[in-house]
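To start, the structure under review is shown below, and the notes come after it.
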Amino acid sequence: MDRISKTAPPIKLKVSKDPQKGDFTSIQAAVMAAEALNAPCEITIASGVYQEQVKIYKNQLTLIAEPNTFLCYHLAAEQTDENGQKRGTFQTATLFINSREVFVKNLTIINDAGYGQAVGQAVAAYIEGDDIRFEHCHLDAFQDTLCLGPLPKYTKEGEPMISPWRKTIFDQQQSLFLHCRISGTVDFIFGGGSATFEECRLHCKIHHKRTTLLLPQLANKQAG
C-alpha cells in the first residue's frame with residue numbers, strides 16, 4: 001500500500017460547515033473540485049456532521065478529518081430510486097470510491113437508514129478501487145456495512161451483477177484498514193476484494209435474529 005505518489009505536493013482544500021472557514025461547505029463539492037485538478041489533492045474536513053453522500057472518482061486523493069467529524073446518509077436497498085425502481089444494495093453507500101490511491105483518515109462514516117426487511121441492505125462504504133487506505137475511521141451501519149469490490153459477474157439467480165455507480169473496473173483491488181472500527185449486524189464486511197485489517201475492531205451489533213461477518217476470501221483460502 002505504498003504507491004501513493006510523493007513526487008508532487010498535493011493541492012490543499014478545506015471543507016467547513018462555516019463558509020468563512022473553508023473553501024467548501026460540503027465534502028462532495030470539494031471532491032468534485034479536486035477531480036477537475038490534474039494533481040494529487042488533500043482535503044481537510046472540519047469537525048461537524050455532514051449529511052450527504054460522497055462519490056470519489058479522483059485518483060491520488062486524501063481526506064483528513066478533524067476530531068468528531070461524521071459523514072452520514074440514509075439510502076437503503078428497499079427504497080425506490082428516481083426512476084421508481086428498487087435501489088438495491090449497490091446504490092446505497094454513504095461513501096463510494098471508484099479510483100486508486102485514496103487515503104481517508106479520522107472520519108466516521110454512517111449509513112443511518114436503519115435495519116429490517118423494510119430497509120434491507122444499507123452500505124456505509126463501498127470500494128471499487130485499488131490502493132485504498134483507511135486510518136482511524138469508524139464505519140457504522142447494520143446490514144452490509146462495508147462492501148469490498150469487485151462484484152461477482154452474476155447474481156445467484158444467474159443475472160448480470162450490475163454496479164450502477166462504477167465507471168472504472170480495476171482488475172486488482174486492495175484496501176488497508178489501520179486502527180479502524182467497523183460495526184454491523186448481517187454480512188457487514190463482504191465482497192470480492194482483498195483487504196488487510198491491522199489493529200481494527202469489528203463490532204457485531206446485537207440483532208434479534210443473527211449476526212454474520214461474511215469474508216468470502218477466507219472461504220477460498222485467499223489472502224484478505
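I'd like the residue in the range 151-165 that is among the hydroxyl-bearing types (S, T, Y) and in a loop (DSSP other than H, G, I, E, B) and, out of all such residues, is farthest from D187 (Cα to Cα).
The first filter runs over the range 151-165 and keeps only residues among the hydroxyl-bearing types (S, T, Y), leaving 154-155, 163.
Subsequent filtering for residues that are in a loop (DSSP other than H, G, I, E, B) retains 155, 163.
Details: T155: 16, S163: 18 Å.
Once the filter is applied, the top-ranked residue is S163.
I need the full set of residues from the range 169-182 which are assigned to a loop (DSSP other than H, G, I, E, B), at pLDDT 95 or above and under 20 Å from R100 (Cβ atoms), in order please.
Within the range 169-182, C180 is the sole residue that qualifies.
Within the range 27-57, track down each residue that is assigned to a helix (DSSP H, G or I) and not β-branched (V, I, T).
Within the range 27-57, the subset assigned to a helix (DSSP H, G or I) is 27-35.
The answer is Q28, A29, A30, M32, A33, A34, E35.
Open to solvent by less than 10 Å² (accessible area, probe 1.4 Å), under 29 Å from P67 (Cβ atoms), out of contact with any helix residue (DSSP H, G or I) (no Cβ under 6 Å at 6 or more places or on another chain) and touching a residue at least 24 places away in the same chain (Cβ under 8 Å): which single residue out of I110, I132 fits that description?
On inspection, the qualifying residue turns out to be I132.
Look at T145 and say whether it is polar (S, T, N, Q), under 12 Å from the mean Cα position of the chain (by Cα) and more than 25 Å from A33 (Cα to Cα). Outline the logic, then answer.
Details: polar (S, T, N, Q): yes; under 12 Å from the mean Cα position of the chain (by Cα): yes; more than 25 Å from A33 (Cα to Cα): yes.
Yes, satisfied.
Quick check on the range 38-68: of everything there that is over 26 Å from Q173 (Cβ atoms) and among the β-branched types (V, I, T), which residue is most open to solvent (accessible area, probe 1.4 Å)?
V49
Any idea how many residues of the range 71-121 are part of a loop (DSSP other than H, G, I, E, B) and either farther than 21 Å from A34 by Cβ or among the aliphatic types (A, V, I, L, M) (or both)?
Of the residues in that region, 26 qualify.
Return the only residue of L75, L139, L148 being in contact with a helix residue (DSSP H, G or I) (Cβ under 9 Å, 6 or more places away or on another chain) and within 17 Å of G191 (Cβ to Cβ).
The unique qualifying residue is L148.
Which ones in the range 3-26 are open to solvent by 40 Å² or more (accessible area, probe 1.4 Å) and not in a loop (DSSP other than H, G, I, E, B)?
Matches in the range 3-26: I11, K12, K14, F24.
The values are calculated or read from the model by the stated rules, or taken from the named source; none is laboratory data. Note that the structure is a prediction, hence the values are computed from the model and not measured. Ideal geometry is used to build each Cβ from the backbone, glycine not excepted, and the neighbour counts take in all protein chains shown. These accessible areas exclude ligands, DNA and RNA; they are computed on the full protein's heavy atoms, side chains included. Shrake-Rupley method; radii C 1.70, N 1.55, O 1.52, S 1.80 Å.
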